[in-house]
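The values are calculated or read from the model by the stated rules, or taken from the named source; none is laboratory data. This one's a predicted model, so the numbers in the text were calculated from it and none came from an experiment. All Cβ positions, even for glycine, are placed from backbone atoms using ideal geometry, and neighbour counts span all protein chains on display.
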């Protein structure tokens, strides 16, 4: 099969195929991972099947008491696709529908006030789609003075954004800075879920992002935990479970599916990550180097050179990487380690880059 553009291949454009793999219609779209050709309708079904398959294998929402979940969205293309699948599940009435009772958390890290206000305004798009659900808007700066979130459209924590900026500026290396922000984001999400009485957290991490995360963590020295960090289900030491139903879905597949379903407007900040870094948890602009940014560019270059299976291959490899469970849990990241002290190797390096006066923030003492 000739190499084609999997994102822009539409009727009348790009390479055309004789027949869809699932029906007799003309195929005009191709799966990023399998290189199988589909018509528009079957392509949407194929991507949706990846989402549903990842959940059905784990039997996550089978029990009546286990349907409540916190769904984390941020306006990106990936989170827009996740929202679309949750919306479809909630509105369906057939017996095969995904049994989930979602509450939505919109978490922001931008220090641009205009961008935050734009998100507040555009959040009405999601509210109109699922008016019966709760939507909580929280800024990462809420880690400085945590308060119980309300379903009132307020961006909780944004008044502390200057403190977040100062905190980032005080960390010596950019790689440590991005890792700190990733860890703070996880801690904040966990705390909000606990306060809302929810033990399941559904995130929009897709195959591209998880592949980048896996290689970044290997480079940082947290290789023993990459299997847990990139799995569909991750049971954490904090008592909550992270669920990643888009693990097998690429960004290109999600983008194309949104367009074919005419719900591209669910991605109200589609380019925000590209302006900073192609990694959703990255904070620094692309002009400043970091391990995370280098990994992102490396994987993107492979993809652009025609190696479309890069992300699935990485995830397949890291799923086999398991470390012997250590005797202690790291105070910062929550993963097990075998050495002495309170922190694993990676977090020890981060703490050394961190100002002592800000350690209570890093350790989550303001979130308790």
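Some values worked out for this structure:
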| read-out | value |
| --- | --- |
| Qualifying positions in the stretch 150-186 - over 21 Å from residue 112 (Cβ atoms) and touching a strand residue (DSSP E or B) at 6+ places or on another chain (Cβ under 7 Å) | 151 |
| Residue within the stretch 268-281 that is assigned to a loop (DSSP other than H, G, I, E, B), in contact with a helix residue (DSSP H, G or I) (Cβ under 9 Å, 6 or more places away or on another chain) and at pLDDT 90 or above present | no |
| Only one of 78, 87 that is at pLDDT 90 or above, assigned to a helix (DSSP H, G or I) and crowded, with 20+ Cβ neighbours inside 10 Å | 78 |
| Every residue from the stretch 295-333 that is outside any loop (DSSP other than H, G, I, E, B) and either crowded, with 18+ Cβ neighbours inside 10 Å or touching a residue at least 40 places away in the same chain (Cβ under 8 Å) (or both) | 295, 296, 298, 299, 303, 310, 311, 312, 314, 315, 318, 329 |
| Filtered residues of the stretch 1-41 (kept if modelled with pLDDT of 50 or more and closer than 19 Å to residue 207 by Cβ) | 29, 30, 31, 32, 33, 34, 35, 36, 38 |
| Within the stretch 152-184, considering residues that are assigned to a loop (DSSP other than H, G, I, E, B) and at pLDDT below 90, the one surrounded by the most Cβ atoms within 10 Å (Cβ to Cβ) | 171 |
| Check on residue 52, more than 27 Å from residue 116 (Cβ to Cβ), part of a helix (DSSP H, G or I) and either touching a strand residue (DSSP E or B) at 6+ places or on another chain (Cβ under 8 Å) or at pLDDT 75 or above (or both) | yes |
| Check on residue 97, touching a helix residue (DSSP H, G or I) at 6+ places or on another chain (Cβ under 9 Å) and either under 26 Å from residue 216 (Cα atoms) or surrounded by fewer than 20 Cβ atoms within 10 Å (Cβ to Cβ) (or both) | yes |
| Criterion: under 19 Å from residue 80 (Cβ atoms), touching a residue at least 24 places away in the same chain (Cβ under 8 Å) and within 21 Å of the chain's Cα centre (by Cα) - qualifying residue of 174, 119, 180 | 119 |
| Among (1) within 12 Å of residue 269 (Cβ to Cβ); (2) surrounded by 20 or more Cβ atoms within 10 Å (Cβ to Cβ) - the single one residue 140 does not satisfy | (1) |
| Unmet criterion (only one of (1) part of a loop (DSSP other than H, G, I, E, B); (2) farther than 30 Å from residue 149 by Cα; (3) under 13 Å from the mean Cα position of the chain (by Cα)) for residue 247 | (2) |
| Flag for residue 253 being in contact (Cβ under 8 Å) with a residue 24 or more places away in the chain, buried (at least 19 other Cβ atoms within 10 Å of the Cβ), closer than 17 Å to residue 346 by Cα and more than 12 Å from the chain's Cα centre (by Cα) | no |
